[in-house]
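> Structure below; questions to follow.
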């Protein structure tokens, strides 16, 4: 009886340690600030052409215009999906602010600021690469009037989707294994129902944090 009590106390202490580690993982993995990307360049043409290309680019990229004036544009692109279901980085909510400043009759300065909502995301390397590529495509389109970087952007998006599907499968497999182990060990050692519930709960949570954590620090 005393041995069983000691085992349960040790298990509770280990559970508290695991909970603390999980809290640290959450604070490490999930950003508290949006992903900010900026492009600042000078376009060798007049302001009217810049505005025409801005309109064309954002329409084909499925952005919604929120406000526009001669020198200032505000747009956004939103998704109805839950943040945790957004496999593709393209489906993340984003706001864009574009400032236009005519330097001369043949030169125009353009500053574009992308503010990407990363709620529920760990922002792995390929996802960051996607948004860098989208900002680059915006710059290329404004400068040359074509989407020469579109193929690269779609390739990066496809790789990010494949990566996220793989990680999702890994999380499910790890969850099943941990649930089985938690149920088996607690049953074999005749732990109390409370310890069983705690172990099962941690078995459900750990995969959602451990797999993205490994992916992030292994350079995925």
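The values are calculated or read from the model by the stated rules, or taken from the named source; none is laboratory data. Owing to the predicted nature of the structure, the values given are computational and were not obtained by experimental measurement. Quick reminder, even Gly has a Cβ in these numbers, built from the backbone with ideal geometry, and neighbours come from all protein chains shown.
> Exactly one condition in (1) within 30 Å of residue 169 (Cβ to Cβ); (2) modelled with pLDDT of 90 or more; (3) surrounded by 11 or more Cβ atoms within 10 Å (Cβ to Cβ) is false for residue 87; which is it?
(2)
> Which of the strands (runs of 3 or more DSSP E) contained wholly in the range 61-113 include at least 3 residues that are touching a residue at least 12 places away in the same chain (Cβ under 8 Å) and not assigned by TED's automatic domain parsing to the domain that holds residue 171?
72-77, 94-104
> Closer than 25 Å to residue 44 by Cα and not assigned by TED's automatic domain parsing to the domain that holds residue 78: does that describe residue 147?
yes
> Those residues that are over 18 Å from residue 42 (Cα atoms) and surrounded by fewer than 20 Cβ atoms within 10 Å (Cβ to Cβ), I need them from the range 92-113; list them, please.
Result: 93, 95.
> Among the residues of the range 66-84, write down those that are surrounded by 14 or more Cβ atoms within 10 Å (Cβ to Cβ), farther than 13 Å from residue 51 by Cα and modelled with pLDDT of 80 or more.
Within the range 66-84, 75, 76, 77, 78, 79 qualify.
> Inside the range 168-191, can you point out the residues that are at pLDDT below 70, on the phi < 0 side of the Ramachandran plot and surrounded by fewer than 14 Cβ atoms within 10 Å (Cβ to Cβ)?
Answer for the range 168-191, where residues must be at pLDDT below 70, on the phi < 0 side of the Ramachandran plot and surrounded by fewer than 14 Cβ atoms within 10 Å (Cβ to Cβ): just 189.
> Any residue in the range 164-177 that is under 19 Å from the mean Cα position of the chain (by Cα), under 28 Å from residue 55 (Cα atoms), in contact (Cβ under 8 Å) with a residue 12 or more places away in the chain and not assigned by TED's automatic domain parsing to the domain that holds residue 51?
The answer is no; no qualifying residue exists.
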